[in-house]
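The structure under discussion appears below in the form of structure tokens.
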Amino acid sequence: MHPANTAKETVVILVCGGLADKVTELVCARLADCGYPYRLLDFGTYPAGFQIKWHWQQSGPSGYIAASDWKLDLNELTSVYIRYLGAEGRAEPPSIAPEARPAIFNECDSGLMVLLEDLSCPVVNRLGGGFSNNSKAYQALLVRQCGLLTPPTLVTNDPEAAHRFYERWNGEVIYKSLSGIRSIVRRLKTEQLARLSLLAHGPAQFQAFIPGENVRVHTVGDQVFATRVYSEAVDYRYAGSEGHEVRMEPFQLPQQVAESCLLLARKLDLLLTGIDLKETPDGQYYCFEVNPSPGFLYYERHSRQPISLALANLLHKGLQPGPDHERRLVMT
């Protein structure tokens with residue numbers, strides 16, 4: 001899956017991910033199609049078959065990453081793409097006791113995270129940039145600072161407060177995860193109201209339902225790819241399981257909204273984002289969250305927008321900052 005070295009080319013792109021993940025597979029295929037040399041650190045087998053050795057110098061980490069058939073000095077790197085795998089995508093080395101595998105995987109992943117966080121080259125994306133995704137309430141504060149609206153929101157473990165919020169918005173309320181763990185967005189209905197007493201065991205997030213059409217925005221460096229999503233489902237990602245259809249098409253965002261999306265990506269230090277918006281019937285845009293490791297394959301496949309090509313070019317050529325390191329808006 002990775003092109004061999006030639007006398008005229010130097011491998012400078014490192015892809016850290018597993019080919020069991022379709023997004024990582026697409027990134028590798030796009031790099032190969034563009035003729036951009038890269039090496040794959042395959043999380044499907046990592047740490048088996050790889051050696052990472054590095055130490056700190058005043059200017060940053062120094063060392064190398066090697067597999068059985070290649071070795072890459074850290075100072076050769078000009079970019080990194082990383083997308084971590086869940087446990088279900090990883091091989092189970094027979095030489096490691098099953099009960100020890102989670103601890104070993106976590107230790108090896110953590111060491112790699114620390115290394116990638118402090119490389120001088122562009123990293124898509126550094127772990128620090130995605131921390132806000134672990135707290136949706138905190139992320140909403142950052143979203144508003146960048147000029148985007150957020151839905152009226154209540155985070156509570158008080159059943160009475162949840163009831164009052166439900167009544168305030170005339171029953172037009174949804175609930176979803178507070179953290180970066182994926183959840184299905186659902187409407188708060190009578191059967192859920194009967195279970196609100198369980199909030200005493202842990203808080204939940206409630207939001208006023210925002211009418212309108214969903215818009216998924218991917219920022220790739222200084223480029224913006226917007227996709228309008230048509231579906232009757234509350235959470236269109238699971239439309240099929242609820243008997244609904246999904247239709248997508250490329251969409252041109254208003255200039256100010258696109259600029260706010262780029263500003264948000266820059267504020268979070270993310271070179272690649274998936275930003276979930278909704279356009280209301282009166283033309284307002286609400287932002288629900290920012291995904292620091294978006295599964296853009298789903299949107300590229302349906303909208304035919306060249307998101308993976310833009311990412312491949314970013315990894316190969318890098319981001320050229322303008323004055324004061326501000327990003328230049330490129331609408332697609």
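The values are calculated or read from the model by the stated rules, or taken from the named source; none is laboratory data. All values reported here derive from a predicted model rather than from experimental measurement. Cβ coordinates were reconstructed from backbone atoms using ideal geometry, including for glycine residues, and neighbour counts include every protein chain displayed. To get the accessible areas, we keep the full protein, side chains included, count just its heavy atoms, and leave off ligands, DNA and RNA. Shrake-Rupley method; radii C 1.70, N 1.55, O 1.52, S 1.80 Å.
Remarks
- Counting DSSP beta bridges with both ends in the chain, the antiparallel % (nearest 5): 75 percent
- Distance from the Cα centroid of the range 67-117 to that of the range 207-286 is 32 Å (rounded to whole angstrom).
- Relative contact order of the chain, pairs being alpha-carbon contacts under 8 Å that are 6 or more residues apart, as %: 17 percent
- Accessible surface, per residue, of the chain when the full set of protein chains is kept, probe 1.4 Å, Å²: 50 Å²
- By accessible area, using a 1.4 Å probe on protein heavy atoms only, the range 32-148 has 52% of its surface on carbon and sulfur.
- Rounded to 5, percent antiparallel among DSSP beta bridges of the range 9-82: 55 percent
- Per-residue [θ]222 nm for the chain (sum of -39500 (n - 2.57) over DSSP H runs n ≥ 4, rounded to 500): -7500 deg cm²/dmol
- When all protein chains stay in place and ligands, DNA and RNA are ignored, the 1.4 Å accessible-area order of E160, E107, largest first, is E107, E160.
- By a 1.4 Å probe calculation restricted to protein chains, M113 has an accessible surface near 50 Å², given to the nearest 10.
- Total charge dipole magnitude, the chain, about the Cα centre, Cβ charges on Lys, Arg, Asp, Glu only, Debye to nearest 20: 200 debye
- Ranking Y230, A200, I210 by how far each Cα lies toward the positive end of the dipole of the range 191-259 (charges on Cβ) leaves A200 at the top.
- With every protein chain in place, the range 169-312: carbon and sulfur % of accessible area (1.4 Å): 49 percent
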